[in-house]
Structures are given as structure tokens and as C-alpha cells.
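A.B. asks: Quick one: this structure, given as C-alpha cells, is what I'll be asking you about.
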Amino acid sequence: MRTKFLNVLCLLLLVHTGLLAQSYLGIHIGVNSGKFSGDSPRNFQYAGKLQYLAGIDFYLRLKKDLFISFSPSYIKSGSKLQYPYENIEEETTEYRDSIDLKLDIFSIPIYLNIISDNDRWQFAGGFELGFPMRLLANNSAKEIDITEEINDVSVSMIFGLGYRIPIERSYLIINLGYSQGLTNLTNNLEDPDSYMPRIRFTSFRLSASYLLPLGKSENKQKP
Amino acid sequence: MKTLLTIIFVSICHVYTMAQEETDNNVPELSGHYFIPVSIMPNPFIKSHFTTNLGIAQSSEFENFILEIDGEKILGLKGTLIFASLDFEYQQKIKDWIALYINYSLNARLGTELQSILTQGVNTVGSSRIGWLIKIVEKERFMLSGDIQVNNHSATFISISQFVKDLVQDSVVTSISRQVPILNMNGGLRFAYAISKTFGLQAYSDFGYGDSYKRGVSDYIYRIGLAFDANLAFTTKVPLGFAAFFNASAVPENVHVAGKSATSTGLKISYAAGQHFNIGLELSRVKIPIPNVEEKVISTLAFISSKYYFN
């Protein structure tokens, strides 16, 4: 009861101080090139897998040129495992896609966004809490669920660069981001003989966000 | 008349150059002292810059024990190692208080004779880093910044002795080359202090945690360093700067033995009159631990380092 009361009080204070009027709410959608990095099964190598992501954005202004943002997202991603094939005639080795690893993650990234002086560019940095939901491995013959092999939570460090296009009071932002997994994705770290003892998830993301301001415009608020 | 015009032209050029010197000098400065950068010492200044470092070192002769019976090491092979290092860094100033930097380095270590190739192999470590540099405090004479970075290393070990051991002693499926990717994260403080217009002091410390080369084992890493520099370019007619530095490091791109650290002491001479760049030669004495050798190996390292400042 007391916690609820405090939450309501905080929300009222937030509205009262005009913070919501300095904030933006929006959506984002984009493509995601994910890749596992780290130990791979013997002779295999990891390759990128292009998928998509979508979510909502909440930008809270801390200073004139500084925002903190929360962007809960659903990320469909994964990686490819490639195996070397010897081409005897040409005496070359080429890696071909052998196994497709499909990973679904619900992520909650928290960014600090720094806006450039001309209000066009934004640099973002922060951490991402990821909740892997499903990991499937399939080849041309069959698909197996290996979700039990992965941890429930992963932590990543994220870096981003965005270009801001003002549209009246709203913004369209084109974002380029890089996420580097810090924690091990698989849950068999203590077993060095495991076929994949140490794996991180990395991804490059290109997305577009459309942000709408919350509250009345500053001009209208002036008496 | 001709002489008068020449004097006026030269005077204008001189005044213009002086004005540029006062306003366009991008080299990090505090209280009139322009700091001499040292390759292994990250500095606290929020500036855009591009850095390259190229280094090579040769170790003194060491004895490598490869056979142990009843705790007694009985067979030793003598040899030397060569170390090579190439390093690029770009830092982008975003605001007066924050900068983003990316770095890529390639470090190689290889035996120079058959016996050292046999015992130490050929090792390369490619490292990429990305991080933030944030100004904490800046006063007239000193500046303190903090950094946080994530490091991705990819090490390739070619080891004949390990291959033979795996095959003969342990009877496991093995390969002569092994690729070990590791990741760690570190953060720390960078400090600069202008003692006078000529002399300055720089220091840094980084601590972190992450993977080691041994699977299933994580390790702490650290780097600390101190440099004392003298820049004569802006107080005398000598366009040179000097620096003396000390560094201790347990980062995996330099040290391949868990729980041990490398130390280096050195001197730098550089051309320091440039308004946008600094180029110099560093010579240092490095004590570095290497696998299967009890004492740290002493190496002499030569570095050519250059730094170009944009703003």
C-alpha cells in the first residue's frame, strides 16, 4: 500500500515538474544482423544472420542535450554455423551454411543519448538486459529446440549513432547500433569440454524510430 | 619600397601565424603546458584524434624447461623471442565532456630460432576495443577523466609442443593451431597535471574483469601507468619534447600467463612543435612473463608513435 502511494506520488511529481512535457514516446522497427561470437564447435565458424526487431521507445530529457531512453524490443535473431568444404578440383576451401541457429530475445536497453549542438545527431551508449526466449537449431533435415542450453538473462553493452529528422514537434530517428554481449549466452561455462563453452551474442542494428512528444508544446505552455 | 613591402608581408604572416598558434593549437594543454603523449598511456583529454603506434622488441636469451621428472626440471632449451605490435585508435569528441573511442591492435610474439619456436610457438592477438571517455573535473592545472570500455580479443596460438603433448600424452583430438576468443571489460581514471609550462605529469589506472585464455576461468585485469614529460617546444627554441614513463599491465593482449603482469620503464623523444600532431620514438625495457619460463623475460622495445588531433 505504501509502495503504491509512493509510486503515485512520484508520478505526480514527474508530471508537476514538467518532465513529461520534455519527453517522447514512440516506436521503432529495423533489421538486425546477429552473430554468435566465441567458441564454436570444432572446425565450424559462426556467421551473421539477418533478421528484424521492433519495439517501443520512451525518451526522458535530463538536460537540453541529454536524454535517457528505454526501448523494450522483441528481437528475432540468431547466427549461422558454417562448415568448411574442400573443393578438390580448385584446391580451395569454402565455408557453407550448415546449421541455422534461431534466437528470440526480449530486450530492455537503457541508453544515454547525447544530442549534438545542431540537434541532428545523437550518440547513444548504455546497457541492455536481454531475456532469451527460444533457441532453435535446424539444418535441412530437422529442427531441434536447444533453449535449455542458454541462460535466462544476458547483459550487453550498446553503442549507437542516430540521425534526427524533425517533423513538426515529432522526430524520425535513423539509428545504427552495435550490441556486444558481456555475459555468456550458454549455461555450461564451467564445463570446458562442452562443445560451446563460451558464447556471446553480438549484433549490428539499423532501425528507424518515430517519436511523439508527450504533453503540450513549450510555446503553448507560455502565458 | 620593395624592402618595406617585404617587411610588411613577413610581419603580417608572422602575426597570422602567431594568431593561429594562439587559437588553433589542438595539442592537449593545461596552464600553458602542452603534454607529450605516450603510446601506452591513455590521456584524459576530450579531443578528437587519430593515433598509430608501431613497435618491435627482442627479448634477451631465456631457458625454457620442457621436461619435468619428480618435480625436477631437467631439460632446458635456450632461445629468444620477437614481439611486434601495431595499434590504431580513433577518438571522436562528442561534447566538451564526453568522447567515444575505438581501437584496434595486433600483437604478435614468435620464437626466433628453432628451439624457441618449438617451445613458445607463434602467437598473435587481435584486439578491438570500444569505449567512452568522460571528463570528471577540469581545473586550470589538472584534469581527471574516467573511461569505460569493452575489449574483444581473438588469440591464435600455434604450439608444436602442446600439439605433441595432446597427441602423445593425453591422446586427444587436437590441432597445431588454436583460436581462443576472449572478452573483458574495464574502467578507470586518467589524470594530467601541469607542473609548469615546461613540465607535466600524467597517470592512469584501469581495472577490469573478464575471460582468460583458459576455458572456465575468469580473471581480473589491470593497467597502471605514470609519465613525467618536458615539452621544450613552446618555452625554448628546441622543438622537442621528452617523457619518462612506467607502466604495469596484466591485460591479455600483452600477458599470456594468468595472474602475472608485465612492467615497462622507458623514455620518449618527440617532435613537439606541431600544432595538431606529435610524432616520436619510444624506447623501453619490458619485463614480461612467458609460459613455461620461471623468471620474467627482459626485452628492449622500440615504438614509433604518432597522434593527430582534429579539435
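A.B. asks: Could you report the buried accessible area between A and B, both sides summed, computed with a 1.4 Å probe and given in Å² to the nearest 100?
C.D. replies: On the way: alone 13700 and 16390 Å², together 28110 Å².
Adding both sides of the contact gives about 2000 Å².
A.B. asks: Pop out the ³J(HN,Hα) list for region A:47-52 in order, Karplus 6.51 cos²θ - 1.76 cosθ + 1.60 with θ = phi - 60°, rounded to Hz; leave Gly and Pro as x.
C.D. replies: 9, x, 9, 8, 9, 9
A.B. asks: Can I ask one more? With θ taken as phi - 60° and the coefficients 6.51, -1.76 and 1.60, list the Karplus ³J(HN,Hα) couplings across region B:189-197 in order, rounded to whole Hz; mark glycine and proline as x.
C.D. replies: Going residue by residue, I get 10, 10, 9, 9, 9, 8, 6, 8, 5 Hz, with x marking Gly and Pro.
A.B. asks: Just the Cα atoms of region B:176-311, one point each, no solvent: what log10 I(q)/I(0) does Debye give at q = 0.12, 0.14, 0.15 Å⁻¹?
C.D. replies: -0.61, -0.78, -0.87
A.B. asks: Using only C-alpha atoms and all pairs of different ones, pull out the Kirkwood radius for region B:2-309 in Å with one decimal.
C.D. replies: Values: mean 1/r = 0.0467 Å⁻¹.
Mean inverse Cα-Cα distance, inverted, gives 21.4 Å.
A.B. asks: Another question about this same structure. Say we join alpha carbon atoms closer than 10 Å with springs in a Gaussian network model of chain B; which of B:237, B:260, B:287 then has the biggest fluctuation?
C.D. replies: Residue with maximal mean-square fluctuation among B:237, B:260, B:287: B:237.
A.B. asks: Moving on. With every protein chain left in place, what is the accessible area per residue of chain B in square angstrom, probe 1.4 Å? Please list the in-between numbers first.
C.D. replies: On the way: 15410 Å² over 311 residues.
Ligands and nucleic acids excluded, the result is 50 Å² per residue.
A.B. asks: Residue by residue through region A:161-173, which ³J(HN,Hα) values in whole Hz follow from phi under the Karplus form 6.51 cos²θ - 1.76 cosθ + 1.60 (θ = phi - 60°), with glycine and proline marked x?
C.D. replies: Result, ordered by residue: 9, x, 10, 9, 10, x, 10, 6, 8, 9, 9, 9, 10 Hz.
A.B. asks: Given region B:188-235 reduced to its alpha-carbon atoms as identical point scatterers, what log10 I(q)/I(0) does the Debye formula return at q = 0.13, 0.24 Å⁻¹?
C.D. replies: Calculated log10 I(q)/I(0) at the listed q: -0.48, -0.84.
A.B. asks: Calculate how steeply helix B:2-23 sits against the longest principal axis of the alpha-carbon atoms of chain B, using the helix alpha-carbon long axis, and give the answer as 0 to 90 degrees to the nearest 10.
C.D. replies: 50 degrees
The values are calculated or read from the model by the stated rules, or taken from the named source; none is laboratory data. The shown structure was predicted, so the numbers you read here are calculated from the model rather than taken from an experiment. All accessible areas refer to the heavy atoms of the entire protein, side chains included, with ligands and DNA or RNA removed. Shrake-Rupley method; radii C 1.70, N 1.55, O 1.52, S 1.80 Å.
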